[in-house]
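Quick notes on the structure that follows.
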Amino acid sequence: MSEDALTKSVRVGTSGYSFADWKGRFYPNGIDKGKMLDYYATKFETVEINSTYYGIPHPAVFFNMLKKVPDNFDFMVKVPQALTHRRIDITADRDKFINAIAPLTEAERLAGLLAQFPYSFKFSQAALDYVAFCRDAVAPNRLFVEFRHNSWVNRQMYDRLRVEEIGYVCVDEPKLSGLLDPDYFNTTDTGYIRLHGRNAEQWWDGGALRYDYLYSDEELKEWRKRVKKISAKVKKQYVFFNNCHEGKAAENANKFIEMIGSEEPNKQ
C-alpha cells in the first residue's frame, strides 16, 4: 500500500474532545465550549464519543454535532455502562441509546459502537455469549469490543468475534499483570486501536491521572509499523488517543497523522 493510500485508509482522532484543560494547549485560550467540536473538526476526521457511557443524551445533541463537522467526518460512540458493566435489565437503556444516535445512523456518519468491558469481566463461555448478545442488541450497527483482562486473548474469542462480525479493539496500556499486550489484529475488515498511555504508577487508582502520558516519537513509530503491516488485511483503521490529560491526546494524534503520511517518519 502506498503512503497516500495508507493515509486515506487510517482515521486518527481522540477519545473525547470537550476538555477544559485542552484550552491553551490544543484549543485557543478563549474558546467557548460550544465551539470546541467546530475547531476539532478542522484538525481531525473522526472522534470517539465517550460521554454516552455515563449518560444517554437527547438525539438533538448528535443532530447539532453533525452541523459542526464536515461531510467526511464520522463518529465512534461508546455504548452505555448498562450494557458493559451492569449487564442486567439493559433493554430500556439500549432503546434510549439507539434513539439517541439516530441522527448519526440516518446521516450514515456512525463509524461504529464501542463496548468497553471492565477488568473484572473475564473470559468464559457465558461472557463470550454475552458479547454476542450485545452485538445482536445494537444490530445493525457495527460493534467493536475492548477487553481489559488478558484472559480474553485466546482462539475462542478470536474465532467467535470473526463469526459474529464483531470488531476487536487493540489497546496500548501499561505493562501490568492482567492487562493486555498491544497485539494488533483484526476480526473484521476494520482495525481499531485505542492508546491509553503507559502511566503504570497511576493506572489502578489515579483517576484522570491514569491518562497523563505523552507518547514519544519512538513509541509512535512502533505503532505506525503495526498500522502499516495490517493495512493489507483491512479496509479501514481507526486510531484513537485516550491519553487526554492536558491535551496530550491531541498532540500525539497530530504527530501520528504526520507519521502516517511520511514514508520514513522522523528519519535521523
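Each value in this text was obtained by applying a stated rule to the coordinates, not by laboratory testing. Note that the structure is a prediction, hence the values are computed from the model and not measured. With ideal geometry, Cβ positions are generated from the backbone for all residues, glycine too; neighbour counts draw on all protein chains shown.
Calculate, in nm to one decimal, what K68 and K233 gain on full extension: separation in residues at 0.36 nm each, minus their alpha carbon distance.
Here the answer is 56.1 nm.
Cross-link candidates for K221: which aspartates and glutamates have Cα within less than 19 Å, leaving aside residues fewer than 8 places away along the same chain?
Reachable aspartates and glutamates: E3, D4, D172, E173, D181, D183, E251, E258, E263, E264.
What's the exposure ranking of S120, S15, S151, going from fewest to most Cβ atoms within 10 Å?
Going from least to most buried by this count: S120, S151, S15.
Compute a Gaussian network model of the chain, connecting alpha carbons closer than 10 Å, and tell me which residue from F147, F121, F75 fluctuates the most.
F121
Taking amide H positions as placed in the peptide plane 1.01 Å from N, state which residues far from V239 in sequence (5 or more) or on other chains have amide H under 5 Å from it.
Residues meeting the criterion, in which the H sits 1.01 Å from N, are R11, V12, G13, I193.
To the nearest 0.05, how large is the calculated FRET efficiency for S262 and A200 if R₀ is 25 Å and r is the Cβ-Cβ distance?
Here the calculated transfer efficiency is 0.25.
Place a point 7 Å from the Cα of S120 along the Cα-to-Cβ direction; which residues of the range 82-108 have their backbone N under 15 Å from it?
Residues 82-88 fall inside that zone.
First check a/c for the chain, with a ≥ b ≥ c the square roots of the eigenvalues of its C-alpha gyration tensor; if it is under 1.5, answer rounded, and if not, answer prolate when a/b is larger than b/c or oblate otherwise.
It is rounded, given that a/c, with a ≥ b ≥ c, falls under 1.5.
Listed here are the pairs K68/K175; K78/K225; K35/K248; K23/K122; K23/K228; K35/K122; which of them are more than 31 Å apart at the Cα?
Too far apart for the 31 Å limit: K68/K175; K23/K122; K23/K228; K35/K122.
Going by Cα centres, the range 155-180 and the range 61-130 are how many Å apart?
Here the answer is 18 Å between Cα centres.
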